[in-house]
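See below for the structure under consideration.
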There are 2 protein chains.
Amino acid sequence: MGTTKTIHFTDEQNELAILAKAIGHPARIAIIQHLIKVNSCICGDIVNELPLAQPTVSQHLKELKNAGLIKGSFEGNAICYCLDENGFNKIKNFFQYVDKHLENQKNQCC
Amino acid sequence: MGTTKTIHFTDEQNELAILAKAIGHPARIAIIQHLIKVNSCICGDIVNELPLAQPTVSQHLKELKNAGLIKGSFEGNAICYCLDENGFNKIKNFFQYVDKHLENQKNQCC
DNA sequence: TATTTATATTGCAATATTACGATAATAAAT
DNA sequence: ATTTATTATCGTAATATTGCAATATAAATA
């Protein structure tokens with residue numbers, strides 16, 4: 001127990017869950033928003049933008065990277081980060097699919 | 001420790017995180033997809049659609065409800081469920097905002 | 001080469017999540 | 001009133017997540 005029963009779900013369901021879960025933390029939302037705000041790569045200094053210790057930020061960045069939501073490339077002794085469209089496109093499709101249904105639903109019930 | 005430091009983040013960041021986190025489980029993705037598939041309210045019998053025990057499903061439904069992603073109303077001794085546009089609209093806006101940036105980003109870096 | 005700067009990893013404590021059996025609560029049906 | 005069907009809650013075990021201090025690693029620079 002305690003473990004999510006991924007085996008019983010489809011690959012798509014598990015993949016979407018991983019993406020949403022990665023976004024599901026305020027620090028990681030803040031990272032995404034910051035990358036958007038500066039409107040370019042960020043080479044270093046994400047740590048100073050967040051109210052968390054450096055190892056904690058490093059961990060959050062790792063999770064976003066593993067999920068395919070950000071990319072990081074070495075630039076000297078710093079790392080350049082930006083959003084990774086791969087992850088975002090996958091989850092975007094899901095929300096478009098949900099949205100299409102929500103429009104229908106209005107005249108159906110509830 | 002172990003607790004997310006919500007105080008240090010904005011209400012918007014925390015709210016988006018709660019929504020994404022609620023979606024971030026394959027069982028809850030499956031529930032959303034099922035509600036869309038049948039294209040109407042579901043009065044009862046969500047349990048039989050999922051490979052999980054009844055108390056576990058009940059718990060997942062509760063989480064989706066708390067996050068504002070589904071609505072449930074009593075219909076006799078069963079409960080009618082359908083998607084709640086409130087929650088989905090909030091997170092939809094976030095992804096539209098991200099998407100707008102991703103189109104810009106293409107010519108900027110990385 | 002020693003030092004500084006930036007990021008990652010390790011180890012650990014506190015807390016949260018997941019899952020389910022047992023049981024309760026509720027409402028329809030008999 | 002009793003039974004049946006449906007959903008919720010409680011209690012608990014297993015595991016995951018969050019956060020940070022300490023430490024390691026890697027590149028730039030003095």
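Taking first residues from the range B:74-87 that are in contact (Cβ under 8 Å) with a residue 40 or more places away in the chain and partners that are more than 8 Å from DNA strand D (Cβ to nearest atom) and open to solvent by 70 Å² or more (accessible area, probe 1.4 Å), the Cβ contacts under 9 Å between residues at least 6 apart in sequence or on separate chains come to B:81/A:110; B:81/B:71; B:82/A:108; B:82/A:110; B:82/B:71; B:83/A:110; B:83/B:71. Here residue A:35 does not qualify as within 11 Å of DNA strand D (Cβ to nearest atom), at the interface with chain B (Cβ under 10 Å from one of its Cβ atoms) and among the aliphatic types (A, V, I, L, M). In the range B:2-18, of all residues being hydroxyl-bearing (Ser, Thr, Tyr) and part of a loop (DSSP other than H, G, I, E, B), the one that is farthest from DNA strand D (Cβ to nearest atom) corresponds to B:10.
To keep it simple, each residue is scored yes or no on (1) more than 7 Å from every other protein chain (Cβ to nearest Cβ); (2) more than 13 Å from DNA strand C (Cβ to nearest atom); (3) over 22 Å from residue B:18 (Cβ atoms); (4) of a type in the set (Val, Ile, Thr).
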residue: B:45; (1), (2), (3), (4): yes, yes, yes, no
residue: B:60; (1), (2), (3), (4): yes, no, no, no
residue: B:67; (1), (2), (3), (4): yes, no, no, no
residue: B:81; (1), (2), (3), (4): yes, yes, no, no
residue: B:99; (1), (2), (3), (4): no, yes, no, no
residue: B:102; (1), (2), (3), (4): no, yes, yes, no
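More than 11 Å from DNA strand D (Cβ to nearest atom) and open to solvent by 70 Å² or more (accessible area, probe 1.4 Å): is that true of residue A:84 in this structure? Spelling it out, it is not the case that residue A:84 is more than 11 Å from DNA strand D (Cβ to nearest atom) and open to solvent by 70 Å² or more (accessible area, probe 1.4 Å). Checking each residue of the range B:8-28 against the condition of being more than 7 Å from chain A (Cβ to nearest Cβ), surrounded by fewer than 19 Cβ atoms within 10 Å (Cβ to Cβ) and among the aliphatic types (A, V, I, L, M) gives no match.
Yes or no, residue by residue, for (1) open to solvent by 50 Å² or more (accessible area, probe 1.4 Å); (2) among the small types (Gly, Ala, Ser):
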site: B:58; (1), (2): yes, yes
site: B:66; (1), (2): yes, no
site: B:69; (1), (2): no, no
site: B:77; (1), (2): yes, no
site: B:94; (1), (2): no, no
site: B:98; (1), (2): no, no
site: B:101; (1), (2): no, no
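If you filter the range A:45-56 down to residues that are more than 11 Å from DNA strand D (Cβ to nearest atom) and assigned to a loop (DSSP other than H, G, I, E, B), you find that the one that is surrounded by the fewest Cβ atoms within 10 Å (Cβ to Cβ) is A:45.
The values are calculated or read from the model by the stated rules, or taken from the named source; none is laboratory data. All of these numbers come straight from a predicted model, not from anything done at the bench. We place every Cβ from the backbone using ideal geometry, glycine too, and count neighbours over all the protein chains shown. Side chains are part of the model used for accessible areas, which takes the heavy atoms of the whole protein and leaves out ligands, DNA and RNA. Shrake-Rupley method; radii C 1.70, N 1.55, O 1.52, S 1.80 Å.
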